[in-house]
Ligand code: ATP
């Protein structure tokens with residue numbers, strides 16, 4: 001069976017600086033796969049490349065067995081890849097409802113869109129309660145929920161989440177992680193970039209540890225969670 005996403009020897013450079021130095025991994029349909037690693041490891045660069053926002057300097061990316069190279073970002077969304085970016089990038093002056101609808105801009109099925117807006121409100125009730133308010137009035141954690149809800153509005157086959165736990169209180173983080181588990185249970189395939197290795201590995205089927213542009217260790221979430229070098233480097237153990 002072909003994987004939903006296959007990344008082979010992917011290289012990405014900013015000018016002369018190679019930020020991603022030949023990484024390979026796959027994401028099977030229905031899995032949660034996480035990329036963990038410290039600041040500057042190349043995780044965000046990888047997601048931005050998969051979204052078509054950056055051009056790879058080498059390697060191959062296949063989505064449903066077909067190459068993604070050279071396909072522009074808006075086409076990539078229409079193929080079924082949605083990206084909830086780091087720093088959220090919601091539209092602060094638009095309402096919460098308007099922000100969600102922007103995530104469905106390629107869709108024409110009005111009834112389906114309504115249903116998915118409702119699903120976002122079911123997943124994150126605070127968004128429903130405040131649907132008519134400007135999104136900029138939401139807290140950081142609530143904006144993260146909105147960014148996730150908006151990414152889901154394109155009905156993605158692959159949902160890419162860039163550091164959804166960043167800057168969140170432990171309770172908010174717990175909520176986001178529970179939502180990821182719920183999304184997986186409903187069949188969504190997720191590629192999760194996280195600095196919070198404990199949280200990410202606890203729910204991931206597969207994990208890859210990135211350091212300075214390379215994947216240095218791969219395994220199941222459970223294996224990596226128990227790996228001594230991971231525990232020392234990423235889970236703060238002596
Ligand atoms: P973080 O968690 O801090 O976002 P990351 O693993 O996502 O880290 P990237 O943001 O992908 O890492 O950065 C990888 C490397 O590329 C870093 O050395 C970073 O300084 C560099 N880099 C990122 N964006 C640019 C850019 N626009 N121009 C030049 N270098 C960049």
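Checking the stated criteria, residue 159 turns out not to satisfy the condition of being touching a helix residue (DSSP H, G or I) at 6+ places or on another chain (Cβ under 8 Å), crowded, with 18+ Cβ neighbours inside 10 Å, part of a helix (DSSP H, G or I) and at pLDDT 95 or above.
Candidates are the residues of the range 6-39 that are within 17 Å of the chain's Cα centre (by Cα) and in a loop (DSSP other than H, G, I, E, B); the one that is nearest to the ligand (Cβ to nearest atom) is 39. Within the range 52-70, take every residue that is within 19 Å of the chain's Cα centre (by Cα) and more than 20 Å from residue 2 (Cα to Cα) and give me the one that is surrounded by the fewest Cβ atoms within 10 Å (Cβ to Cβ). Among those that are within 19 Å of the chain's Cα centre (by Cα) and more than 20 Å from residue 2 (Cα to Cα), it is 55.
Residue 167 meets each of the listed conditions (1) free of Cβ contacts under 8 Å to residues at least 40 places away in the same chain; (2) more than 16 Å from the ligand (Cβ to nearest atom); (3) under 18 Å from the mean Cα position of the chain (by Cα); (4) under 29 Å from residue 17 (Cα atoms) apart from (2). Could you go through the range 81-98 and let me know if any residue there is within 19 Å of residue 208 (Cβ to Cβ), in contact with a strand residue (DSSP E or B) (Cβ under 8 Å, 6 or more places away or on another chain), more than 16 Å from the ligand (Cβ to nearest atom) and in contact (Cβ under 8 Å) with a residue 24 or more places away in the chain. Yes, that holds for at least one residue.
Each residue in the range 204-218 was checked for being at positive phi and surrounded by 15 or more Cβ atoms within 10 Å (Cβ to Cβ), and 1 pass. Which members of the range 95-129 meet the condition of being buried (at least 19 other Cβ atoms within 10 Å of the Cβ) and part of a loop (DSSP other than H, G, I, E, B)? Result: 103, 104, 124. At pLDDT 90 or above, away from the ligand (no atom under 16 Å from the Cβ) and either assigned to a helix (DSSP H, G or I) or more than 30 Å from residue 39 (Cβ to Cβ) (or both): is that true of residue 180 in this structure? Taking the combined requirement at face value, the residue satisfies it.
Just one of 141, 136, 87 is under 24 Å from residue 180 (Cβ atoms) and part of a helix (DSSP H, G or I); which is it? Before you say what the answer is, go through the steps one by one.
On the way: 136 fails: under 24 Å from residue 180 (Cβ atoms); 87 fails: part of a helix (DSSP H, G or I).
Going through 141, 136, 87 in turn, the sole match is 141.
Scanning the range 188-216 for residues that are away from the ligand (no atom under 13 Å from the Cβ) and outside any strand (DSSP E or B) returns 188, 198, 199, 201, 202, 203, 204, 205.
Among the residues of the range 40-60, those that are touching a helix residue (DSSP H, G or I) at 6+ places or on another chain (Cβ under 6 Å) and either within 8 Å of the ligand (Cβ to nearest atom) or at negative phi (or both) comprise 51, 53, 54, 56.
Conditions tested, residue by residue: (1) surrounded by fewer than 19 Cβ atoms within 10 Å (Cβ to Cβ); (2) farther than 17 Å from residue 211 by Cα.
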| residue | (1), (2) |
| --- | --- |
| 11 | yes, no |
| 16 | yes, yes |
| 29 | yes, yes |
| 39 | yes, no |
| 42 | no, no |
| 45 | no, no |
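The values are calculated or read from the model by the stated rules, or taken from the named source; none is laboratory data. Computed from a predicted model, the values in this text were never measured in an experiment. Here Cβ is always computed from backbone atoms with ideal geometry, including for glycine, and neighbour counts include all displayed protein chains.
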